[in-house]
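Notes follow once the structure below has been shown.
Where a number appears in this text, it was derived from the coordinates with a stated rule and is not lab data. Bear in mind the structure is a predicted one, so any value in this text is a computation, not a measurement. Cβ placement follows ideal geometry from the backbone for every residue including glycine, while neighbour counts extend to all protein chains displayed.
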Amino acid sequence: MNKVSLFGVIILLLWGCTEGRNNSSETINKWNDQPEMDHYIDSLMAKMSIDEKIGQTVLFASWWDITGPVSENNIVEDAKQGKVGAVFNALTADFIYRMQKEVVENSRLGIPLLFGYDVIHGYQTTFPTPFAMSASWDLQQIEKSCRVAAIEAAADGLNWTFAPMVDIARDPRWGRIAEGAGEDSYLGSLIAAAQVRGFQGDNLADEATVLACAKHFAAYGAAQAGRDYHTVDISERVLRDVYLPPFKAACDAGVSTYMTAFNELDGTPCSAHEHLLNDILKDQWGFDGFVVTDYTSIKEMVNHGSVADDKEAGEASINAGVDMDMQSGIFMNHLKQSIEEGKVKEGTVNEACRRILEMKYRLGLFEDPYRYCRPDEDKQSKIKSPEHFALAHEMAKKSIVLLKNEGGLLPLNKEQLNSIALIGPMTDEQKQQLGAWHTTGKPETVTTILTAFKEKLGKGTKIYTAKGCDWEGDDRSGFAEALAAAKKAEVVVMCMGERENMGGEAASRVHIDIPLIQKELIKEVYKTGKPIVLLLHNGRPLTITWENEHLPAIVECWHLGSMAGPAIADVVFGDYNPSGKLTATFPQHLGQVPIHYNMKNTGRPYNPKDDFTTRYQDCSNDPLYPFGYGLSYSSFEYSSITLDKTILEPAGNINATVLVTNTSGRDGEEVAQLYIRDLVGSVTRPVKELKGFEKLMIPAHKTVEVSFTIDAEDLAFWRKDMTFGAEEGRFQLFIGTNSDVEQSVMFELTESVDVDPYAAR
Ligand code: BGC
């Protein structure tokens with residue numbers, strides 16, 4: 001546990017503080033040992049035919065209207081015959097209610113359907129993208145955001161979200177980095193658990209909770225060359241050390257479902273990866289929920305070249321541990337024949353069916369199939385409620401990262417500002433602020449930057465606006481208007497970056513810069529000599545090296561959702577002091593990718609005096625902004641680190657303490673970060689690994705003491721012989737403001753310690 005105490009007379013309890021270590025929350029994975037449920041499902045399954053059991057493993061997207069099918073796929077008719085057990089992309093409580101009623105009342109056994117949807121960052125009240133939210137390093141706020149999403153989705157009839165995406169992403173070319181929590185497994189694990197708690201609450205049968213789904217299992221973020229759906233080929237060690245921890249954390253937090261990944265891993269598509277699904281997830285981690293495939297990934301195995309045809313794909317998939325087939329129809333069309341031919345055991349289908357029925361039971365659907373979708377004005381009134389917008393506003397402020405602020409240009413003083421120019425495609429944009437995978441998010445819920453600036457600034461400040469150019473293309477016809485606006489204003493705020501669909505699925509890019517036309521406009525405005533504040537909107541780290549060299553102020557605003565404008569205005573005009581920190585490294589140049597803070601030292605670590613060390617001829621190894629980086633309007637100083645002891649006994653612990661002083665006259669938040677380096681290992685170890693953090697509110701001119709406790713378990717990794725544990729020897733411990741921290745102290749672990757890798761944490 002971390003300890004924070006404040007020197008001086010301030011009572012810390014008055015101030016916010018988010019703990020970053022040791023997820024102490026109780027697991028909600030409590031569907032073991034449930035005799036009543038077992039009894040119910042045993043008797044139900046005794047009545048089910050093999051076709052009806054297979055039907056439970058079938059999931060289709062909704063194309064249905066009460067008057068009949070709206071496509072060739074008549075899922076309601078199929079569900080009435082027990083051939084479909086779950087539906088996704090069906091929307092509104094009323095529609096879902098009608099569909100559920102039709103199936104429950106007209107099928108032989110009346111088994112209710114599950115209704116899934118991609119509720120990724122909010123339902124109708126849209127929160128910042130998950131990557132943006134991760135920059136808050138605020139687990140409680142993230143949990144609350146998922147809670148709101150669940151409340152709204154459940155009020156509208158849904159009972160299952162395909163979130164959180166917990167894929168570690170170390171390659172910014174990959175568009176889906178926008179959907180996750182960045183590059184670090186430790187932070188990613190804490191965020192994954194917070195998201196699961198937020199979506200599922202303490203009780204799945206609560207009408208305001210939904211099943212969560214940890215996706216995409218696994219290592220999807222390691223797609224070669226950052227190209228979506230591409231091959232993944234990583235070692236078992238990297239898989240276990242880097243990519244699996246957030247999935248394990250989701251399991252420990254009680255996540256109900258997992259979604260397989262599209263990619264292959266070590267030559268086997270993840271939807272038929274027995275080692276991942278049966279061995280690791282179900283046997284080693286003891287996961288008792290169900291596994292759904294990602295979309296048509298079973299069918300895609302034929303393209304992968306790992307099976308000859310659809311039927312074989314279905315067999316490989318269910319035998320490997322998949323329980324539900326999303327959208328390919330292969331389980332529906334082929335499983336029965338596979339059983340008859342002895343290629344799939346009936347018991348395997350029984351188990352998949354049971355796992356799915358258990359989740360329906362947990363949701364309370366057998367007690368009341370309409371629990372989620374029965375029209376209910378009280379529940380519906382919560383959708384887009386003022387409280388939800390207030391939380392979205394709070395989350396958006398906390399997600400913003402101040403990247404540069406030369407000469408204290410920010411915050412702008414709204415009392416003294418006579419004129420301001422707002423330039424760029426995001427200036428008055430609603431839809432693009434919703435971000436990738438906003439699904440049900442509505443553009444009209446978004447308060448734009450321009451609207452928020454108008455509200456914030458009095459009549460005394462003249463606002464000049466010009467779009468200047470589009471997101472991409474080569475139309476320069478708006479440049480003249482933008483330059484004219486810039487010339488008339490005291491300060492220019494440029495609202496630039498990526499369109500929302502430049503991130504997310506199927507949105508890989510080889511240029512991870514601000515698109516060329518916008519960059520050209522920035523350079524033209526720069527020539528006017530006016531002070532420029534760049535507001536960046538993007539779903540991934542960008543190579544903004546030129547902007548960093550030339551512009552005085554840069555604010556990372558991501559895609560912040562419904563309350564983007566007010567949150568940005570709060571930061572720009574100083575009503576909120578920025579506190580976000582990057583959760584993925586920003587490279588200087590694309591050629592450095594993959595670049596992440598926890599790389600290895602190599603046998604030839606960089607040495608400026610020696611050409612034959614690891615380096616580029618045309619760029620330093622340094623990132624533009626490191627992981628964990630972010631500025632504040634306050635300034636902070638760290639004292640040297642004190643250890644209570646330098647010898648760590650196997651069952652003991654060490655306390656590391658620093659004092660963090662706010663040396664400015666403005667209250668501010670700082671994320672103090674703890675990194676550790678294991679100097680010698682049976683396999684090489686990263687140069688630094690995040691092992692703890694503490695988000696502190698430090699009043700102006702005050703000092704806070706922060707302590708981190710380290711024990712042997714914190715030092716565990718997959719050792720050379722693929723056992724898990726900590727190795728004796730020397731460790732370097734760093735505490736500082738970002739991953740580039742240099743100040744460190746040493747301690748020693750006296751003996752190697754075995755740690756159970758599968759125990760719930
Ligand atoms: C995505 C998943 C998503 C699913 C259902 C797939 O294309 O990869 O993340 O949950 O579609 O919409």
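Tabulated results
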| read-out | value |
| --- | --- |
| Built amide H within the under 5 Å cut-off of G692, gap 5+ | L674 |
| Per-peptide average of other Cβ atoms within 10 Å, ordering 457-467, 556-566 highest first | 556-566, 457-467 |
| Karplus-derived HN-Hα couplings along segment 77-88 (A = 6.51, B = -1.76, C = 1.60, θ = phi - 60°), whole Hz, x at Gly and Pro | 4, 5, 5, 4, 8, x, 9, 9, x, 8, 10, 10 |
| Cβ-placed point charges (K, R +1; D, E -1), dipole of the chain about Cα centre in debye, nearest 20 | 1920 debye |
| Pairs of Lys in segment 192-334 closer than 22 Å at Cα, counting only those 8 or more apart or on different chains | 5 |
| For K404, residues with placed amide H under 5 Å, excluding near neighbours | I554 |
| Value of relative contact order over segment 636-754, rounded to a whole percent, pairs C-alpha under 8 Å and six or more apart | 31 percent |
| In sequence order, calculated HN-Hα J values of segment 596-603 (Karplus, 6.51, -1.76, 1.60; Hz; x Gly/Pro) | 8, 5, 9, 7, 8, 6, 6, x |
| Theoretical ellipticity at 222 nm over the chain - DSSP helices of four or more residues, -39500 (n - 2.57) apiece, nearest 500 | -7500 deg cm²/dmol |
| Extension gain, C619 back to E549 (0.36 nm per residue minus Cα-Cα distance, nm) | 23.7 nm |
| Label point distance in nm, E455-E481, each placed 7 Å from Cα along Cα→Cβ | 2.5 nm |
| Centre separation in Å (Cα based) which lies between segment 640-685 and segment 137-212 | 29 Å |
| Paramagnetic reach from E387 (point 7 Å along Cα→Cβ, amide N under 19 Å) across segment 116-146 | 122-127, 140-146 |
| Built amide H within the under 5 Å cut-off of Y464, gap 5+ | I420, A421, L422 |
| In order through segment 720-730: 3J(HN,Hα) via Karplus (6.51 cos²θ - 1.76 cosθ + 1.60), integer Hz, x for Gly, Pro | 3, 8, 6, 9, 10, x, 9, 10, 4, x, 9 |
| Theoretical gain in end-to-end length, Q224 to H589 [0.36 nm per residue, Cα-Cα removed] | 129.6 nm |
| Using a Förster distance of 45 Å, the FRET efficiency for S682-N203 (Cβ separation, nearest 0.05) | 0.55 |
| Exposure proxy ranking, count of Cβ atoms within 10 Å, fewest first, for I654, I449, I50 | I50, I654, I449 |
| Antiparallel %, DSSP beta bridges [both residues in the chain], to 5 | 60 percent |
| Paramagnetic label zone (point 7 Å from Cα along Cα-to-C-beta, S664; backbone N under 16 Å) in segment 608-651 | 629-638 |
| Value of relative contact order over the chain, rounded to a whole percent, pairs C-alpha under 8 Å and six or more apart | 15 percent |
| Reference-scaled alpha-carbon Rg (2.2 N^0.38 Å with N residues) for the chain | 0.97 |
| Sequence-separation-based contact order of segment 392-592, relative, with Cα cut under 8 Å and 6+ spacing, percent | 35 percent |
| Residues N333 and F612, FRET efficiency given R0 of 51 Å [Cβ-Cβ distance, rounded to 0.05] | 0.30 |
| Relative exposure of R540, R98, R355, judged by other C-beta atoms within 10 Å (fewest first) | R98, R355, R540 |
| Descending principal axes extents, segment 623-761, alpha-carbon based, whole Å | 53, 34, 28 |
| Residues M37 and L643, FRET efficiency given R0 of 30 Å [Cβ-Cβ distance, rounded to 0.05] | 0.05 |
| Packing-based exposure ordering (other Cβ within 10 Å, fewest first) of W718, W174 | W718, W174 |
